[in-house]
Amino acid sequence: MNDTKRNHGDINLKEWSNTIPKMKQKYPDLKLIIPGHGDAGGQELLNYTIELFK
C-alpha cells in the first residue's frame, strides 16, 4: 500500500489510533474490511492504519 492520511478534518486523530487496536481485540476473527477509500481487504488494512496513525 502506498497511501497517506486523507482529509481528517472531521476525525479525532488521537482516538483514531486507539480505536483500531480496540476493534482488532473485539473482533479478532474479522476477515473482511471495507474501507471508506481503497480496496476491501483483511486484517492487513487494520495493521496498515495503525502504522499510518503512529
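All of the numbers you see were taken from the coordinates with simple rules; none came from a lab. None of the values given here were measured: they were computed from a predicted structure. Virtual Cβ from ideal backbone geometry, glycine too; neighbours counted across all protein chains shown.
Give me the extension gain from ASP29 to LYS54: residue separation times 0.36 nm, minus the current Cα-Cα distance, reported in nm with one decimal. List each step's numbers first, then the result.
On the way: separation 25, 0.36 × 25 = 9.00 nm, distance 2.36 nm.
Once the chain is fully extended between ASP29 and LYS54, it gains 6.6 nm.
Between ASP39 and ASN18, what FRET efficiency comes out of the Förster formula 1/(1 + (r/R0)^6) with R0 = 35 Å and r the beta carbon distance, rounded to 0.05? Provide the component values of the computation, followed by the final result.
On the way: r = 25 Å, r/R0 = 0.71.
The computed FRET efficiency comes out at 0.90.
Can you compute 3J(HN,Hα) from phi for each residue in the range 20-32, using the Karplus curve 6.51 cos²θ - 1.76 cosθ + 1.60 with θ = phi - 60°, rounded to whole Hz and x for Gly and Pro?
Going residue by residue, I get 4, x, 5, 5, 4, 5, 6, 10, x, 9, 4, 10, 10 Hz, with x marking Gly and Pro.
Skipping prolines and chain starts, which residues have an amide H placed within reach, meaning under 5 Å, of the one on ILE33, given they are 5 or more residues away or on another chain?
Under 5 Å from the amide H of ILE33 lie the amide H atoms of GLY41, GLY42, each far enough along the sequence or on another chain.
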